[in-house]
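Participant: I am attaching a structure below and will ask some questions about it afterwards.
The values are calculated or read from the model by the stated rules, or taken from the named source; none is laboratory data. Keep in mind the model is a prediction, meaning the values are calculated, not measured. Cβ: placed from backbone, ideal geometry, glycine included. Neighbour counts: every protein chain shown.
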Amino acid sequence: MTQSWSGGYVADIAYIEGFYIQQSPVRMALACLLGGVAAEMPAPDDEACYLELGCGVGVGALLIAASNPAWKIIAVDYNPAHIAIANGLAHAARIDNIQFLEADVVELAEGAAGTALPMADFVSMHGMWSWVSPEVRAAIVKLLAAKTRPGALVHLSYNALPAWQGGFGLQRLIYETGRRSGGRSDAQAEAGLALARDLRAVEANYLAESTLSRELIDNIHTVSREYLGHEYMNAHWAPAFHADVVAAMAGAKLDWVASANPLENFPELTLKPEQRAVMDRYTDPIMRELIKDMCLQRHLRHDVYVRGARRLRNADRDAAIERLAITPVISPGELQTTLHVPAGTAEMSPALKGLMEAAMRGPTTIGALRALDPTHSNPAELVSVLVGTHQCQVAPYLGVAQPDGAHRLNRVLGGRIKSVVDARSSGLACAPLSTGLTVPPLLQFIAARLLDGESVDNAPSWIATLCGDVLPEKHDKIREVMHLAIEQRIPVLKQLQIIPG
């Protein structure tokens, strides 16, 4: 692992590509409303500024830039390989409202480059907080204090405690073994994992008894080598308690509001009744979150902060939620009304199930749905179930035309898919959603082909293209998946203007 300039952070391999909806401004704004704090989305032609720290190869930032061409997007990463890849994608799609900046956050917080940054309306950091040194975390707070406007929203995800406490020994074992083995960070992580497996086989106490360590070792084959290197080979790997991160963010005058995962804001769906009874002894939100984290296996928190919280009365919050426009992102036949949540299996009530079915008919508002059944009195629960189960998304710009840049980016992203086993998980830019739509690589491929003027009649040739490295006996399954995607998801993409109607 090269440390001459990386300061102990993994920089010899690029991080995995991904799009995380929690990073989008529209999801941050929804979290604020669920937390009883006012938040407005900029209009499509407003000059808003979005800043991402630790952007990786930049796909998430690009999707937001392409979906909001009037905004200024600035994406920062320490690894020049990440910035080179990101700039290549931006150039190929001709996205000109985004700037990728190779920078050390410590230098950025203290130097002229940081001073030159515009004030941000939205900031996102995915995973970075857990992987950098205390010096860098302090610089993050300093930069946020200097570069967030009053009312700005900040998304911060990180490895959370106590969920990760059973993984401390495993991470240290992998790290110490790996750095002695030589090679790239991904190879080092695999060397450490090999030792961890051997120790578990001989019933090493902290690997055999730790539920988390057992699960990580058993499921490690399902994650990429790039993720393994970045997760386990960072010298400053440090999961954190929510209360400690809240205290750190206070240094930038940022107040914690809620989770960017809507369902996590509802104890009824995350905790057992007996656990809720204990939590209800407290009104302090930080204490309530600590109790929640003690009860849940929440390894990654997605928290939203605001600089200058404008607290809403319940009636005003409900009215703001009712004005939210939503749109289905699955077909009606895919609707799930039985939810698998941390507290167990939750079967939706007949009233809520009816409103969920109504939401599948097309774009609407939360208020219009509630008008169908006035007995359902909780608009926050309704929008959280629809959005939190990934069956609908908030769509602040319904009716806004898809920009040419969004079409170009979607063609670039989909054009890179060469195999049905491509592991990249990304999205498609969508102006009505003001962000990306999370889709599997197969749907990216189909969208790109349709945007290039092809027809679904070409599906047989698409299958041949994607199955070059797939065993012949599995082609029928691929053909079935392809036709299902065309039948169920193409109408959704047309509704969202991602492909021509």
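Participant: Given the conditions (1) outside any loop (DSSP other than H, G, I, E, B); (2) of a type in the set (A, V, I, L, M, F, W, C); (3) surrounded by fewer than 24 Cβ atoms within 10 Å (Cβ to Cβ), which single one is not true for residue 400?
Facilitator: With respect to (1) outside any loop (DSSP other than H, G, I, E, B); (2) of a type in the set (A, V, I, L, M, F, W, C); (3) surrounded by fewer than 24 Cβ atoms within 10 Å (Cβ to Cβ), residue 400 is out only on (1).
Per-residue answers, yes or no, for (1) free of Cβ contacts under 8 Å to residues at least 24 places away in the same chain; (2) assigned by TED's automatic domain parsing to the domain that holds residue 247:
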site: 283; (1), (2): yes, yes
site: 294; (1), (2): no, yes
site: 314; (1), (2): no, no
site: 330; (1), (2): no, no
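Participant: Taking only pairs six or more apart or across chains, which ones have beta-carbon atoms under 9 Å, a first residue in the stretch 354-376 that is over 16 Å from residue 335 (Cβ atoms), and a second residue that is assigned to a loop (DSSP other than H, G, I, E, B) and hydroxyl-bearing (Ser, Thr, Tyr)?
Facilitator: The qualifying pairs are 370/377; 376/349.
Participant: Follow-up question, since we're still on this one. When you scan the stretch 401-410, do you find a residue that is at pLDDT below 95 and closer than 28 Å to residue 262 by Cα, even just one? It would help to see each step written out before you state the result.
Facilitator: Residues of the stretch 401-410 at pLDDT below 95: 401.
Checking the rest, the ones that are also closer than 28 Å to residue 262 by Cα come to 401.
Looking for residues that are at pLDDT below 95 and closer than 28 Å to residue 262 by Cα, one finds at least one in the stretch 401-410, hence yes.
Participant: Among the helices (runs of 4 or more DSSP H) contained in the stretch 156-249, which hold 1 or more residues that are farther than 30 Å from residue 23 by Cα and among the hydrophobic types (A, V, I, L, M, F, W, C)?
Facilitator: Details: elements: 168-181, 185-201, 205-208, 211-219, 225-232, 242-249.
Hits in the stretch 156-249: 168-181, 185-201, 205-208.
Participant: Please find, among 172, 149, the residue that is touching a residue at least 60 places away in the same chain (Cβ under 8 Å) and of a type in the set (D, E, K, R).
Facilitator: Numbers: 172 fails: touching a residue at least 60 places away in the same chain (Cβ under 8 Å).
Only one candidate qualifies: 149.
Participant: Another question, if that's okay. Give the residue that is surrounded by the fewest Cβ atoms within 10 Å (Cβ to Cβ), with candidates limited to residues of the stretch 342-360 that are of a type outside the set (A, V, I, L, M, F, W, C) and touching a strand residue (DSSP E or B) at 6+ places or on another chain (Cβ under 7 Å). Outline the logic, then answer.
Facilitator: Initial filter on the stretch 342-360 (of a type outside the set (A, V, I, L, M, F, W, C)): 342, 344-345, 347, 349-350, 353-354, 357.
Going one step further and asking which of them are touching a strand residue (DSSP E or B) at 6+ places or on another chain (Cβ under 7 Å), we end up with 345, 347.
On the way: 345: 8, 347: 10.
Here the answer is 345.
Participant: Residue under question is residue 449, and the condition is that it be within 23 Å of residue 17 (Cα to Cα) and touching a helix residue (DSSP H, G or I) at 6+ places or on another chain (Cβ under 8 Å); does it hold?
Facilitator: Working: within 23 Å of residue 17 (Cα to Cα): yes; touching a helix residue (DSSP H, G or I) at 6+ places or on another chain (Cβ under 8 Å): yes.
Yes: the conditions hold for residue 449.
Participant: Can you tell me which residue within the stretch 256-295, out of those that are surrounded by fewer than 19 Cβ atoms within 10 Å (Cβ to Cβ) and not in a helix (DSSP H, G or I), is farthest from the chain's Cα centre (by Cα)?
Facilitator: Looking at residues that are surrounded by fewer than 19 Cβ atoms within 10 Å (Cβ to Cβ) and not in a helix (DSSP H, G or I), I get 281.
Participant: Which of the residues that make up the stretch 131-164 are farther than 10 Å from residue 307 by Cα and of a type in the set (Val, Ile, Thr)? Can you show your working first?
Facilitator: Residues of the stretch 131-164 that are farther than 10 Å from residue 307 by Cα, as a first pass: 131-143, 146-147, 155-164.
Scanning the stretch 131-164 gives 132, 136, 140, 141.
Participant: Looking at residue 121, is it within 24 Å of residue 150 (Cβ to Cβ), among the acidic types (Asp, Glu) and either free of Cβ contacts under 8 Å to residues at least 40 places away in the same chain or not in a helix (DSSP H, G or I) (or both)? Write out each step before concluding.
Facilitator: Details: within 24 Å of residue 150 (Cβ to Cβ): yes; among the acidic types (Asp, Glu): yes; either free of Cβ contacts under 8 Å to residues at least 40 places away in the same chain or not in a helix (DSSP H, G or I) (or both): yes.
So residue 121 passes the test.
Participant: Looking at (1) crowded, with 18+ Cβ neighbours inside 10 Å; (2) touching a helix residue (DSSP H, G or I) at 6+ places or on another chain (Cβ under 7 Å); (3) within 30 Å of residue 444 (Cβ to Cβ), which one does residue 335 not meet, given that it meets all the others?
Facilitator: Of the numbered conditions (1) crowded, with 18+ Cβ neighbours inside 10 Å; (2) touching a helix residue (DSSP H, G or I) at 6+ places or on another chain (Cβ under 7 Å); (3) within 30 Å of residue 444 (Cβ to Cβ), the odd one out for residue 335 is (1).
Participant: In a loop (DSSP other than H, G, I, E, B) and hydroxyl-bearing (Ser, Thr, Tyr): which single residue out of 384, 377 fits that description? Reasoning before the result, please.
Facilitator: Values: 384 fails: in a loop (DSSP other than H, G, I, E, B).
Going through 384, 377 in turn, just one is in a loop (DSSP other than H, G, I, E, B) and hydroxyl-bearing (Ser, Thr, Tyr): 377.
Participant: Give 339, 324, 296 a once-over and let me know the one that is at negative phi, out of contact with any strand residue (DSSP E or B) (no Cβ under 6 Å at 6 or more places or on another chain) and among the hydrophobic types (A, V, I, L, M, F, W, C).
Facilitator: 296
Participant: A follow-up question, please. Return the residue satisfying two criteria in turn: it lies in the stretch 125-136 and is more than 16 Å from residue 103 (Cβ to Cβ) and of a type outside the set (A, V, I, L, M, F, W, C), and of such residues it is surrounded by the fewest Cβ atoms within 10 Å (Cβ to Cβ). First the steps, then the outcome.
Facilitator: If we filter the stretch 125-136 for residues that are more than 16 Å from residue 103 (Cβ to Cβ), which is where we start, we get 126-127, 129-131, 134.
Within this subset, residues satisfying the condition of being of a type outside the set (A, V, I, L, M, F, W, C) are 126-127, 130, 134.
Working: 126: 21, 127: 19, 130: 21, 134: 9.
Applying the filter and picking the extreme gives 134.
Participant: Would you check which residues across the stretch 399-444 are hydroxyl-bearing (Ser, Thr, Tyr) and at positive phi and list them? Lay out the reasoning, then the answer.
Facilitator: Quick first cut of the stretch 399-444, residues hydroxyl-bearing (Ser, Thr, Tyr) only: 419, 425-426, 434-435, 438.
Within the stretch 399-444, just 434 meets the criteria.
Participant: Now for a separate question. Checking residue 178 against (1) in the same structural domain as residue 143 (by TED's automatic domain parsing); (2) over 18 Å from residue 298 (Cα atoms): exactly one of these is not met. Which one?
Facilitator: It is condition (1) that residue 178 fails.
Participant: Would you call residue 406 without any contact (Cβ under 8 Å) to a residue 60 or more places away in the chain, surrounded by 14 or more Cβ atoms within 10 Å (Cβ to Cβ) and assigned to a helix (DSSP H, G or I)?
Facilitator: The answer is no for residue 406.
Participant: Could you tell me which of the residues 275, 188 is assigned by TED's automatic domain parsing to the domain that holds residue 35 and of a type in the set (S, T, N, Q)? Can you show your working first?
Facilitator: On the way: 188 fails: assigned by TED's automatic domain parsing to the domain that holds residue 35.
Result of the check over 275, 188: 275.
Participant: Considering each of 248, 260, 243 in turn, give the residue that is aliphatic (A, V, I, L, M), farther than 23 Å from residue 295 by Cα and assigned by TED's automatic domain parsing to the domain that holds residue 290. Before you say what the answer is, go through the steps one by one.
Facilitator: Working: 260 fails: farther than 23 Å from residue 295 by Cα; 243 fails: farther than 23 Å from residue 295 by Cα.
It is 248.
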